[in-house]
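Novice: Just dropping this structure here.
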């Protein structure tokens, strides 16, 4: 049984608490949130203790691992403190909003990087994971083109944008990790940003984007993003190679198809958002983390993966802002724990 | 070049005239219809002669083959006369509304049956024909269950019903032929009739039906019919065997899929009716007929197939009326010309 | 919190135990199975007590409700005993293999029928339930034709057949309940049985069947069954009315579509069997039961629904054996608890 | 009746000749090809005259309009000569391989531009045209993102590449026209080229590309191209706006879906190539041309459209070669004939 603390009792912390409750070999012991009521409500719902003092998390004898779901600016100090206290860490993405800060983190946990996993949950989605495995098995030959369409249902309030790091670091970063998951090292980035909704016009951020990534292998990934989508959370992907293609289509709540005088075979809208669409991914991500801890192996994606996705998000931000293509130096990150 | 006359300048005669115009080795020379204007209009559109006297068709030196698209009660006498005059015949279904009349026809053309083809056009539809060929090739193992859903878009006016022979002889007969095409000899028939639209209540006929056919092989075919379908002409079929299944889905006018706030992936309605849905089937049916004439082989489906489908339609009518299952004697029809 | 005992520690008992573990307002306290090891294993996995003596279930002060997942011949005596002991009951289908036995049960629990729910779980499947709700809301107009295709992935061993009651009481009964769920009172039944796999030839049972049901409303339901299906658990349904249709398509494990040199858009096989396909239905069924107990209302489907489905299964068995249509008298069952 | 000459008796000339044969108000009178046998074979098949002397086309009294399907380097001189001789022209794309040459053409036919139509046939494809019309009608709100996936089945021989103008002018140009058709004026172009097949490595050309186009409206189009596709001719498009999306899915030869032990719902491969996929588009393109001639209106797409697509292809070529984004000046082309 792996004993957990959850830092952050907001939306994503609640997802992790619920996922822990369903895992047969995991147990939630402690919930931290600076807002006392929030911590207590979540803790109570799962028979755990609550604290407003994050230091209690690091000090707790009955906590083996920490899931960090706090605001991004707190991630690095919490990772470092938890690892310093001997805890394993599963930290939500992004690790930080700038690469220098991730590098600080890497230096601070040097030798213990393998105790930290970054929450790029989509790698664990059964649909994406199946495509990844079938591509890896050679079913379509060497991957040549990857096309990702990734649209959120509703844009966040403009007030949220200031601390978000912008669309590429906040939203596209998931797709950038997916691109790396499939294509490996990326050497060129081009991006175009769009301001579609009226309130994005003066925001300094984008609510639409198209990012093109060239891999060292010569393969190209294209990512089409929008902050809004009337039909729901639009999450598609197509891997194309010389022998064929493998595509992920959207999920709907039920398997109903309706036909009327004007249409045929209409499914319902896509699942609403990430909590619904990636519910299984969160559970499988946790299972991977627990299993790695039990086995003493390094979970993945790693801090280095978190850093690499952020480097791509920075490059895309630069490209969308300046119109320039960004060439990336060859990657020489430290390898994960063997 | 095979030279044709078309008997009947109505809807189906016009289809055949247009199909002839597109066939590279067929030529329309003569159109007969008792309504002078109708014959002339159709003939003029295709550079052919018109006549109100059907005897001219049989007498015409420049006519090798006759397509019969007249009202059903005239079919047999026209088949017999045309064959007697040395013409080959492609006759629309049904051959007649009672089996005794078909038997008269068979006796009258004895020795020349192989000069007559019956227009069960669906056998030539590329989708159904592909499934038939793949089943025959063993792709799903021995056929065990065949499910046909066949619905017309709009019911004919009740006034039409009196001379139609009823839903089983008029509409289901196509599906009964399809069942024979896939399953061979049928030994048991059960049918249920429905009166769905208000004006069918006192009509003596049905506008909905479910027919179950047991084949000598043990396979079972189920046919679900309706005289109306809001979404268009609903023409589906599924062949099921121990190794898998092969299904025909509906055709739509374009390959557009629309997604909105309430639905995803909606196609347009089904193609409207048989002229659209089976346009290719009519052309391939004609090509089979022309090719057989050129080669001196017997086209198929034959008069015997026309008779067999009518026997099934009679059985279904009896079953739906009485509630009784109908057992059919083993088939011993004369085989087609070798 | 509703406290439960589960009777029967086999496959279906394990499903219910796992479902109970995930329900926030239900608790498993006791597991009974005549095989001591089986009861203990299941109880231990969920922190409950085990017993080989079923009387302990009825006597237990800390048990409010009993889920019966024992062999069918034991259902009635266990329902009666549990209700007599003041427990509410959720009993797996079928209630019994003959109607007389269900009637004994109804007499024995008279006045307490509303404390018994029958486990026709498919009514709670989100896909089927959505279609039912949309039909009830009038989206397609009055229901005219219901087509159910229901195929198990692999036939049970022939040795199982003797005590199964035959395909109609064992397998089709779910579809017969679905037909009643959509169409209400059924007045005519026709069925055809098939012996498809070689070992079914001398079995006295069928492994394929087509059942046609006529409702008092004039609507017709068609049920196509097979005990085997290469592609998995084939569970489809189409409701058709004058304004359109609503169809349930099969579920697959992931949303992957593959395209190769010979095919396009291929999904994976269907979910394997009922434990996978109806996992959500079991959870929603339990939730309905728990919510009804908490509210003091009568859960549904009722014992009367269990009886009605068995009457249809008997009629289908008779029809398939004799070739006769079966007419059913108007239903006059006692209504559920108000 | 509009009387036609076809210049070029190769593959595309044959398509046009066959399309003319099926049009009720068009007639093929003359076929020109420098290879005598080729011209004669095609002419004979359609009852037309043949000539190896292109001047005969311009001089022919019984020719109202000319379809140009010759090699690209000949297009401009043939357009100019035909227009000079009073003929209307339908010219295959691209008009030329460099913009200066198109400008020469525009100058030479000044005042008669409305007599020339450029063969961007995809605008007439019923699927694409339906999406265009529904977008124009406001069904999805203002168009925000257009995603085009366009892959040929098999790469042309490397020997062909030298005179092709490169992938963007030869293949992508169709998609660039489609982007303009949907988005109007384009102001920015970015492109990435790929060399996927081994024989493209030293070719100086690409066999894969991703092109991103920013419209003056702020909308973005993404075009993913490959010269090979195992599944056939991959021709998809998705228009996305705030109210939903409209997508074109691929066409297959039949409506068969197969299910096996490992897959479900598999369609056949996509239609093989443009002759199959766009057969209807060629017919509707011709009909538009004929109808415009009869009405004395200007057919569309125009020479200006041909020029604009070439400008985009040049920009994409430059971007893919240098890595730079290309900004385009505001468009100030002469408008079509009123």
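Novice: Mind sorting C:135, C:52 by how few other Cβ atoms lie within 10 Å of their own Cβ, fewest first?
Specialist: Numbers: C:135 21, C:52 14.
Listed from fewest to most nearby Cβ atoms, that is C:52, C:135.
Novice: In addition: Nearest-to-axis residue of chain C, judged by Cβ, for the C-to-A rotation, with distance in whole Å?
Specialist: C:22, 4
Novice: May I pose another question? Which angle from 0 to 90°, rounded to the nearest 10, does the C-alpha axis of helix A:279-295 make with the longest principal axis of chain A?
Specialist: With both axes taken from Cα atoms, the answer is about 50 degrees.
Novice: While we're looking at this one, here's another question. Name the residue, out of D:164, D:259, D:14, whose mean-square fluctuation peaks in a Gaussian network model built on chain D with Cα pairs under 10 Å.
Specialist: It is D:259.
Novice: Using Cα pairs under 8 angstrom and six or more residues apart, how large is the relative contact order of chain D, in percent?
Specialist: Once divided by the residue count of chain D, the mean separation gives 19 percent.
Novice: Could you tell me how many degrees, from 0 to 90 and to the nearest 10, lie between the Cα long axis of helix D:126-136 and the main elongation axis, the longest principal axis, of the Cα atoms of chain D?
Specialist: 70 degrees
Novice: Okay, helix-only estimate at 222 nm for chain B: each DSSP H run of n ≥ 4 adds -39500 (n - 2.57), divide by all residues, round to 500 deg cm²/dmol; what do you get?
Specialist: Taken over chain B, the calculation gives -10000 deg cm²/dmol.
Novice: Pick from B:74, B:30, B:146: which is most flexible by mean-square fluctuation in a GNM of chain B where alpha carbon atoms under 10 Å apart are linked?
Specialist: Among B:74, B:30, B:146, the largest GNM mean-square fluctuation belongs to B:74.
Novice: Could you give the spread of the C-alpha atoms of segment C:123-327 along their three principal axes, from largest to smallest, in whole angstroms?
Specialist: Result for segment C:123-327: principal-axis Cα extents of 50, 46, 38 Å.
Novice: Something else now. Rounded, prolate or oblate: which fits segment B:221-281, taking a ≥ b ≥ c as square roots of the Cα gyration tensor eigenvalues, rounded meaning a/c under 1.5, else prolate when a/b beats b/c? List each step's numbers first, then the result.
Specialist: Values: a/c = 1.83, a/b = 1.30, b/c = 1.40.
Oblate is the answer for segment B:221-281, as a/c is 1.5 or above yet b/c matches or exceeds a/b.
Novice: Once R0 is set to 45 Å, what does the formula 1/(1 + (r/R0)^6) return for the Cβ-Cβ distance between residue C:185 and residue A:36, expressed as a FRET efficiency to the nearest 0.05?
Specialist: Efficiency computed from Cβ-Cβ geometry: 0.15.
Novice: Mind checking the mean number of beta-carbon atoms from other chains within 10 Å of the Cβ atoms in A:232-240?
Specialist: For peptide A:232-240, the averaged partner shielding equals 3.
Novice: I need C:262, C:51 ordered by Cβ neighbour count within 10 Å, fewest first.
Specialist: Ascending number of Cβ neighbours within 10 Å: C:262, C:51.
Novice: Let me ask something else. How high is the FRET efficiency from residue A:59 to residue D:154, r the C-beta distance, R0 51 Å, rounded to 0.05?
Specialist: E between residue A:59 and residue D:154, to the nearest 0.05, is 0.15.
Novice: Take the alpha-carbon centre of segment B:113-142, take the same for segment A:256-282, and report the distance between them in whole Å.
Specialist: The two parts, judged by their Cα centres, are 37 Å apart.
Novice: In degrees between 0 and 90, to the nearest 10, how far off the longest principal axis of chain C does helix C:75-84 point, with axes built from Cα atoms?
Specialist: Roughly 40 degrees, rounded to the nearest 10.
Novice: Follow-up question, since we're still on this one. With a/c under 1.5 counting as rounded, go ahead and sort segment C:281-320 into rounded, prolate or oblate using the C-alpha gyration tensor (a ≥ b ≥ c being the square roots of the eigenvalues; past the cut-off, prolate if a/b is larger than b/c, else oblate).
Specialist: It comes out oblate by the Cα gyration axes.
Novice: If I take the Cα coordinates of segment C:12-133 and project them onto the principal axes, what are the three extents in Å, biggest first?
Specialist: Principal-axis extents of the Cα atoms in segment C:12-133, largest first: 37, 35, 24 Å.
Novice: With the cut-off at 1.5 for a/c, could you classify the protein assembly as shown from its C-alpha gyration tensor as rounded, prolate or oblate?
Specialist: oblate
Novice: Could I ask something else about it? Which one of C:152, C:207, C:103 has the biggest mean-square fluctuation once chain C is modelled by GNM with Cα springs under 10 Å?
Specialist: C:103
Every number in this text was worked out from the coordinates using simple rules, so none of it is lab data. These numbers come from a predicted model, not from an experiment. Counting neighbours? That spans all protein chains shown, and the Cβs are built from the backbone with ideal geometry, glycine included.
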